[in-house]
1. Picking from 101, 105, which residue would you name as being buried (at least 21 other Cβ atoms within 10 Å of the Cβ), outside the structural domain of residue 53 (by TED's automatic domain parsing) and closer than 28 Å to residue 173 by Cβ?
2. Out of 222, 298, I need the residue that is without any contact (Cβ under 8 Å) to a residue 24 or more places away in the chain and surrounded by 13 or more Cβ atoms within 10 Å (Cβ to Cβ). Which one?
3. So is residue 276 buried (at least 20 other Cβ atoms within 10 Å of the Cβ), in contact with a helix residue (DSSP H, G or I) (Cβ under 7 Å, 6 or more places away or on another chain) and farther than 30 Å from residue 183 by Cα or not?
4. I'm checking my understanding of the structure. Among residues of the stretch 301-325 that are over 14 Å from residue 342 (Cα atoms) and more than 29 Å from the chain's Cα centre (by Cα), which one is surrounded by the fewest Cβ atoms within 10 Å (Cβ to Cβ)?
5. Could you check how many residues of the stretch 296-317 are within 28 Å of residue 224 (Cα to Cα) and assigned to a helix (DSSP H, G or I)?
6. Any chance the stretch 253-262 includes a residue that's without any contact (Cβ under 8 Å) to a residue 24 or more places away in the chain and more than 18 Å from residue 177 (Cα to Cα)?
7. Being within 22 Å of the chain's Cα centre (by Cα) and under 15 Å from residue 221 (Cα atoms): is that true of residue 240 here?
8. Restrict the check to the stretch 153-173 and report whether at least one residue is loosely packed, with under 13 Cβ neighbours inside 10 Å and without any contact (Cβ under 8 Å) to a residue 12 or more places away in the chain.
């Protein structure tokens, strides 16, 4: 049996629940595997070390680790103890950042955050976006300056940095190319220049990852839709509904879903284009998903004519449709003879008032039913 050095190891055992296999190894071996000083500091911050060991145990074996310095930075910005612990559990790589690197990041982020409280909120949700490599700093700074020249407000820029940090870590020229493509496309399709900034802000907010897509993707998708007979005005309407999600599509998948949907609905080209404008889901849902949803509606007694009048019901899963139909039936409403509009929207509940069916609608933070659909 190998002899253990007990002085500091005993304290470590009491606090860290070291596994039996580790107890049979020399103290020098344990030090080599984990930074005990850093671990002790993490325990003082009430950090759940087991979470870090399970997912990112390699961090605990690095030297040096800046646990106290990271906690001090967050505390000085107003972060509470529980918030600091959550940040370090979620993104333990934060303790790899040098103090001067963290200070530089704080200064950079405060150029687009209205307060330190706002920045703490961002770090709590997106710690990896704040604790980045020092090699990214110059690109981040250049991209912030570029987006400020577009007159985007600070809130939009900070949201972009938080949710799509990759777009700020890369050379600014790549973002310029995609932004210019979006602006040119918007104007070429008939968009008003005085409304372009608002349109661009909404697009970037809805899908910040659009910046990471090659401009050719946007051009190819719009070219495909134009070949399908959509006019410039109709393409602008689609682009405004889909926002940046139009870059998530590709011509082949759209060809399959559009062909299937038109054959199923048995409508003319002109009728079908109008249906797509009402329900862009027909561009991005796969054939198997649409097949299931058509079958679910037809099985409930809904007619194709009703679906054509309210195609947005195809954005709802079969389970949600069935639940809402059953709920409506309990109030005496028959979807087979009434409008399907009552099924649409986000989370809904129903009530009777003065003998009439009324809706109680609650809008959630996001709509898992139709993640790509946005308001005009």
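1. 105
2. On the way: 222 fails: without any contact (Cβ under 8 Å) to a residue 24 or more places away in the chain.
Going through 222, 298 in turn, the sole match is 298.
3. Working: buried (at least 20 other Cβ atoms within 10 Å of the Cβ): yes; in contact with a helix residue (DSSP H, G or I) (Cβ under 7 Å, 6 or more places away or on another chain): yes; farther than 30 Å from residue 183 by Cα: no.
In short, no.
4. Residues of the stretch 301-325 that are over 14 Å from residue 342 (Cα atoms), as a first pass: 301, 303-305, 308, 317-319.
If we keep only those that are more than 29 Å from the chain's Cα centre (by Cα) as well, we get 301, 303-305, 308.
Numbers: 301: 12, 303: 13, 304: 14, 305: 8, 308: 16.
Once the filter is applied, the top-ranked residue is 305.
5. Step one: of the stretch 296-317, the residues within 28 Å of residue 224 (Cα to Cα) are 304-305, 307-317.
Checking the rest, the ones that are also assigned to a helix (DSSP H, G or I) come to 304-305, 307-309, 311-315.
Number of matching residues: 10.
6. Step one: of the stretch 253-262, the residues without any contact (Cβ under 8 Å) to a residue 24 or more places away in the chain are 259, 262.
From what's left, more than 18 Å from residue 177 (Cα to Cα): 259, 262.
Yes, the conditions are met somewhere in the stretch 253-262.
7. On the way: within 22 Å of the chain's Cα centre (by Cα): yes; under 15 Å from residue 221 (Cα atoms): yes.
Yes; evaluated as a whole, the condition is true for this residue.
8. Within the stretch 153-173, one or more residues are loosely packed, with under 13 Cβ neighbours inside 10 Å and without any contact (Cβ under 8 Å) to a residue 12 or more places away in the chain.
The values are calculated or read from the model by the stated rules, or taken from the named source; none is laboratory data. Note that the structure is predicted; figures quoted are calculated from it, not measured. Cβ sites come from the backbone with ideal geometry, for glycine too, and all protein chains shown count toward neighbours.
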